[in-house]
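Here is the structure we will look at.
The values are calculated or read from the model by the stated rules, or taken from the named source; none is laboratory data. Keep in mind that what you see is a predicted model, and the values were worked out from it rather than measured. Neighbour counts run over all protein chains shown; Cβ positions are idealised from the backbone, glycine included. Side chains included, ligands, DNA and RNA excluded: accessible areas come from the protein's heavy atoms. Shrake-Rupley method; radii C 1.70, N 1.55, O 1.52, S 1.80 Å.
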Amino acid sequence: MSGDGREGGRRDDEVRGARRIPGPRDAVDDLDLETVERPVLPPPGGSAPDESVPEQGVPEEGVPEEGVPEEGVPEEGAAAPEPDEPYEPEEREEPEEPDRPEEPDEAGSVPEPPHAVTADATASASAPVLSHRVLKALLGAWALSACSAEETAAVEDHLTACAPCADEALRLRDAVGLLHTDGSLDLDPALRTRVLDGCLGRRPARVPIPEWATAYDAETARLDALLRDIGDSDWHAPVRLQWFEDERAVTRRTTVAGVIGHLMAVDGLLSAALGLEDPLAGTGTGAAAGTGALGTAEVNAGAEVPLSPTRRTETYWAATYPPATRAVREPWRALTHELIRTASLAGPNVAERSVSYGEFALPLQDALLDRAFECWVHGTDIAEAVDYPYKPPSAAHLHRMIDLAARMLPAALAGRRGAGLAGPARELVAPGAPGRSVHLEVEGHGGGDWYIALDSPAAVGSPDRAVAQVALDGVEFCQLVAGHISPVEAAAGQEGDREAIRDVLFASASLSRL
């Protein structure tokens, strides 16, 4: 028996049946299989002889183990120790210290030890060698800049050679950009239009929505998305409605639910024009119970000549007690869907059907555009009340809204002139002839150029007869038309006839209403 506890002269690989406790092993992904020394295997088909692998069982009591001499009995062929000589164990060889510096040779240089490792090899051995699966799992942490320096270097080296992981890394980096809270999470207003255009391009609708109804469809959908996101308590948040009346700003306080009820009440004007049920005529379409006492007969009697928007709104608010809650959203949304569906199925001639607002009338295509404008304006009012991001409409839809306001300005000017609120007409011309005009230049989102006839609503605006020019931003002009800013506060670039510019600005504000 040697000093290390093994039988002398016998190699380790000869004892194959011995049971040993294996040491700790490294993870598979952390091993470089190329640098691990492989064990020597027996030739294929061969096996070790039985006598070369001794049994490792427990010897029976009183029977000496084979190959181990009994105490006091010398092994055959071995010299017996002297009786008077004490037993001295063999000296164990001390292991060499690898860190002890070697003595320099005669030439003064230190000889290189066997199996020396250079600095470059040491650095490469210390760097983590990660598998493809591990590197792919690290892409999320890498996109969030949460990897260590070594992991980051390993991932970036892997991305230069693996195209699928490089594509996935780019997608993750784009997704991380959406996690920043300093930007608005509100969707682009044009996103819905692009998605619908893409879907309809692949599979056209059997009955498409008319072009003149797309703005109303988009704005009601945007407002409905806002209403879905707010909580129950937000429906009772106070909202201040503002418009311009009698040369001054007028305000009215209500709630978010009250605003939606106002929109539904005015949408009933279009329902009457399309032959649909008026939301104020019954008690199960959004108005609270008890509506019939104040005017089911009144509303029905005025079906041919609808009430004005203000009177319809006051009728709804007076009938709604207790105050409306989020339950008003479903009947309002059902009514908007029914209006769009009926207008789409009615054919092209329905676009010119007249919709009466009491004091004036609009074709159905302009009435739907007017309702889209009001959905956006009141959607902004609600968003400010509940601190919700809300962007303007798409450029195409906003341009149509501005165009509608510009086409209504000559009639508004004539009405103010008849009431003594605008300057007198200076040059009356035949209907359809060019007359004195103001160049309305709307800049920015949805902008354009319009020429507003000053002296007669039947005249045609002309750049050759322009006597003044006024410039406004597109959203600012819409706020002026909605009565949210006064004509005096409108930041407008002005040039030319001051009286004509003032008349146009005040006429724009007079288009607002409850």
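Residue by residue, here is whether (1) open to solvent by 70 Å² or more (accessible area, probe 1.4 Å); (2) at pLDDT below 90; (3) in a helix (DSSP H, G or I) holds:
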site: Arg311; (1), (2), (3): yes, no, yes
site: Tyr321; (1), (2), (3): yes, yes, no
site: Thr336; (1), (2), (3): no, no, yes
site: Ala343; (1), (2), (3): no, no, yes
site: Val355; (1), (2), (3): no, no, no
site: Gln365; (1), (2), (3): no, no, yes
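Just one of the listed residues (Arg400, Arg417) is touching a Leu at 6+ places or on another chain (Cβ under 7 Å), of a type in the set (Lys, Arg), surrounded by 17 or more Cβ atoms within 10 Å (Cβ to Cβ) and part of a helix (DSSP H, G or I), and it is Arg400. Please work out if Leu196 is modelled with pLDDT under 90, within 30 Å of Ser344 (Cβ to Cβ) and in a helix (DSSP H, G or I). Here the answer is yes, as Leu196 does meet what is asked. For beta carbons closer than 8 Å, sequence separation of 6+ or different chains, a first residue in the range 492-514 that is in contact (Cβ under 8 Å) with a residue 40 or more places away in the chain and among the hydroxyl-bearing types (Ser, Thr, Tyr) and a second that is in a helix (DSSP H, G or I) and surrounded by fewer than 20 Cβ atoms within 10 Å (Cβ to Cβ), the qualifying pairs are Ser510/Gly415; Ser510/Arg416. Take the conditions open to solvent by less than 50 Å² (accessible area, probe 1.4 Å), of a type in the set (A, V, I, L, M), in a loop (DSSP other than H, G, I, E, B) and out of contact with any Pro (no Cβ under 8 Å at 6 or more places or on another chain) and apply them to Val429. Does it pass? In short, yes. Count of the range 432-454 residues, restricted to those that are over 20 Å from Val467 (Cβ atoms) and open to solvent by 50 Å² or more (accessible area, probe 1.4 Å), is 3. Can you pull out every residue in the range 152-165 that is part of a helix (DSSP H, G or I) and either open to solvent by 60 Å² or more (accessible area, probe 1.4 Å) or among the basic types (Lys, Arg) (or both)? If the condition is that a residue be part of a helix (DSSP H, G or I) and either open to solvent by 60 Å² or more (accessible area, probe 1.4 Å) or among the basic types (Lys, Arg) (or both), then Glu156, Asp157, Ala163, Pro164 are the ones that fit.
Does Glu247 count as touching a residue at least 40 places away in the same chain (Cβ under 8 Å), farther than 20 Å from Pro389 by Cα, open to solvent by 30 Å² or more (accessible area, probe 1.4 Å) and not β-branched (Val, Ile, Thr)?
Yes, satisfied.
Taking the range 455-514 as the range and being among the aromatic types (Phe, Trp, Tyr) and out of contact with any strand residue (DSSP E or B) (no Cβ under 6 Å at 6 or more places or on another chain) as the test, only Phe506 passes.
For Glu374, the test of being crowded, with 18+ Cβ neighbours inside 10 Å and not aliphatic (A, V, I, L, M) is passed.
Are any of the residues in the range 472-480 surrounded by fewer than 15 Cβ atoms within 10 Å (Cβ to Cβ) and not acidic (Asp, Glu)? Scanning the range 472-480, I find no residue that is surrounded by fewer than 15 Cβ atoms within 10 Å (Cβ to Cβ) and not acidic (Asp, Glu), so the answer is no. Of all residues in the range 243-257, one or more are modelled with pLDDT of 85 or more, part of a helix (DSSP H, G or I) and not acidic (Asp, Glu).
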